[in-house]
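Report on the structure given below.
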Amino acid sequence: MAQINLLPWREERRQELKQEFVVVLVMVALLGVALLFLGDMIVNGQIDEQKSRNQYLKTNIAELNEQVKEIQELKRKRGQLIDRMRVIQELQGNRPVIVRILDQLVRTVPDGVFYTNLVNRSGSIQIDGIAESNNRVSSLMRNLDASEWFTDPNLDAVRAAPEYGDQANTFTLTVKVQLPNSGNSEEEG
């Protein structure tokens, strides 16, 4: 039998396999780097896209905030205008009432009583005045109580005023305003 030496052939075969392994290893490494680079580009692209979306949202939110401020300012102005209109309407509606109240104040003053100051405070009137005697103040209170425009007269203070006469007094009186029912106010007019 002939002897064949296969060692050189095996050595060549090992060298070829080693080279193939190195080539495959380099190819896999290059593929891995390429995939890593590609993945990095994709993620960076998504991050940039999200940043642009966020910037777009911030810009629009800032615009909307400005619009909201404008709307709030308009609502505030609208509320002020409505309040002004309401005051004007109340003044227009109360104009005859105020005249009637002043007329009733004049009608209820007995002789010897003089008003020095009238202050209207949310449904009541504070009256400061001078009376020739205590009887005149009592008469004024009875007249105010008998009027259908006033109720609950309350004498707050009485002080002697000798500079106006021997029995003269200064007084402070509070009376509540009550509007008569519409049938009675038409009879008076």
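The values are calculated or read from the model by the stated rules, or taken from the named source; none is laboratory data. Please read these numbers as outputs of a predicted model, since none were measured by experiment. As a convention, Cβ positions derive from the backbone with ideal geometry for all residues, glycine included, and neighbour counts pool all protein chains shown.
Listing for the model above:
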{"read-out": "The range 162-189 - residue that is surrounded by 15 or more Cβ atoms within 10 Å (Cβ to Cβ) and more than 14 Å from ILE127 (Cβ to Cβ) and, of those, modelled with the highest pLDDT", "value": "ALA168"}
{"read-out": "Members of the range 118-134 found to be surrounded by fewer than 13 Cβ atoms within 10 Å (Cβ to Cβ) and closer than 12 Å to LEU105 by Cβ, listed by number", "value": "ASN120"}
{"read-out": "Lone unmet requirement of (1) assigned to a strand (DSSP E or B); (2) out of contact with any helix residue (DSSP H, G or I) (no Cβ under 6 Å at 6 or more places or on another chain); (3) of a type in the set (A, V, I, L, M); (4) surrounded by 19 or more Cβ atoms within 10 Å (Cβ to Cβ) for VAL137", "value": "(1)"}
{"read-out": "All positions within the range 140-154 that are within 41 Å of the chain's Cα centre (by Cα) and crowded, with 16+ Cβ neighbours inside 10 Å", "value": "TRP149, PHE150, PRO153"}
{"read-out": "Residues located in the range 62-102, provided they are farther than 30 Å from ALA146 by Cβ and among the aliphatic types (A, V, I, L, M)", "value": "ALA62, LEU64, VAL68, ILE71, LEU74, LEU81, ILE82, MET85, VAL87, ILE88"}
{"read-out": "Filter pass, ASP111 being of a type in the set (D, E, K, R), over 14 Å from PHE171 (Cβ atoms) and modelled with pLDDT of 85 or more", "value": "yes"}
{"read-out": "Set ILE101, ILE61: member being surrounded by 10 or more Cβ atoms within 10 Å (Cβ to Cβ) and closer than 30 Å to GLY165 by Cα", "value": "ILE101"}
{"read-out": "Conditions (1) farther than 26 Å from LYS176 by Cα; (2) outside any helix (DSSP H, G or I); number of the one not met by GLY129", "value": "(1)"}
